[in-house]
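Take a look at the structure below.
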Amino acid sequence: MANSDLSIVAFTAHTDIDADRTIAKVTRRLIPFLIACFFAAYLDRVNVGFAALTMNKELGFSPQTFGWGAGVFFIGYCLFEAPSNYILHRVGARRWIARIMISWGVVSGLTALIWDETSFVSLRLLLGVAEAGFAPGVILYLTYWIPAERRALSLGAFLMAVPLSSAFGAPLSSLVLATMDGVANLSGWRWLFVLEAAPSIVLGAIALFYLTDRPKDASWLEPVERNWLQARLDSEQQTLEDPSPWSMLRHPRVIVLGLAYFGVVSSLYGLGFWLPQMVDAFGYGVLASGFIVSIPYACGALAMVLWSQSSDRSGERHLHTAFAALLAACGLAAAAFTQSPPAAMAALSVAAIGTLAAMPTLWSLSTGFLSGAGAAVGVALINSIGNLAGFVGPYLVGWIKAATGDFSWALLALAIGPLATAAIVLRLWRQEEGKP
């Protein structure tokens, strides 16, 4: 029996608690709702990639202009991550997550009003500020509810909103572009921003009443379940490092994990913002492109769950992360060297599988050594460093595309990110195993 299983037995020996049943109740209560929230958030973040199919021509945006506007979101996002997560830790997830969702929904909807490069870049920057803290806040929030040994699958389920929002959001976005253009004298891309902002605002209002801050406050758990889970998590937190929040800004492990996350995120957003235009370049048209773009993300969603389950069963995180990141790099490199659209989509699907499968196990590494306010700032800093790649990746692709006229060299450049992630995580593994 694994040590983690022994710890669960120790906490349940004196009661009639069914640990699996209790965790399952928590999962059913929180994860589907949080997936829906992240689905809306990620869709609002990347729907600009579909809007670009008609917006760029209407407003005269060059590839560099679009890449700058798409990526500048992450400057505001990263600057406000750590303060946002610290506030969440202090005031509670329920109120702060609701605030984040409503504010980003409003800003996303206002993007329908842009008229030039300055208004585009300004609202993208403001959207990043509004959304700052959501993803790391939920990751931190799940550490308040899910024991560490079960966390990869829970994180995988939550992060599955990333590929799901692309898999389902891609055809939805293309349908809006194709059918709403000209309605009320508005372009289809303007309707896209308006219609896809509404779910964020509605879910934010619901979050204020639906979410519960801590297990001890959960009226939807039996008293004995509340007490067991809170004690189980409190005991776990006592074994973890609890540094001062702002010392996290120079914590070596936090910085290294942030750099590892940077490599994965460069692939995630380099594809996320540009894949619709890559597919459109194959000549499929706006509507068909939406369905084709969904294929890599559907594959990635399945891989994310299966790979997280494998990691939880084995208790292994480093090698799972490194292998998945290496697979992403291979997929991007293969896509760069093929001219056949079907072969390119197969390679890009491999890249999406590797990129998405690496994320839950990497976050399990990142949440497994800190507690308290230090964890709030540490998780936010890892996410901030990583999401700087959300600026670098899209802008790099736009710059290379403008310079070369195609996406081949851009894909090859993106492959460097997950390759670096694999190298960093393998180095951490060797250090922890005591190998030179």
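Sorting the segments 420-429, 23-32 by their mean number of nearby beta carbons within 10 angstrom, highest to lowest, gives 420-429, 23-32. The stretch between residue 284 and residue 178, if pulled fully straight at 0.36 nm per residue, gains 36.8 nm over its current Cα-Cα span.
Across the stretch 19-432, the volume of the C-alpha convex hull divided among the residues equals 122 Å³ per residue. Cβ crowding within 10 Å ranks 37, 78 as 78, 37, fewest other Cβ atoms first.
Here the Karplus curve 6.51 cos²θ - 1.76 cosθ + 1.60, taken at θ = phi - 60°, turns the phi angles of the stretch 380-390 into couplings of 5, 5, 4, 5, 5, 4, x, 7, 4, 5, x Hz, with x standing for Gly and Pro. Full extension of the chain between residue 186 and residue 255 yields a length gain of 20.3 nm, computed as 0.36 nm times the residue separation minus the alpha carbon distance. Each peptide among 262-274, 170-182 gets the average number of other Cβ atoms lying within 10 Å of its residues, and from highest to lowest they stand as 262-274, 170-182.
For the pair residue 430 and residue 20, the difference between a 0.36 nm per residue extended length and the Cα-Cα distance amounts to 144.3 nm.
Every number here is computed from the coordinates shown, using simple stated rules; none is lab data. All values derive from a computational prediction rather than experimental measurement. When we count neighbours, we look across all protein chains shown, and the Cβ atoms used for this are built from the backbone with ideal geometry, even at glycine.
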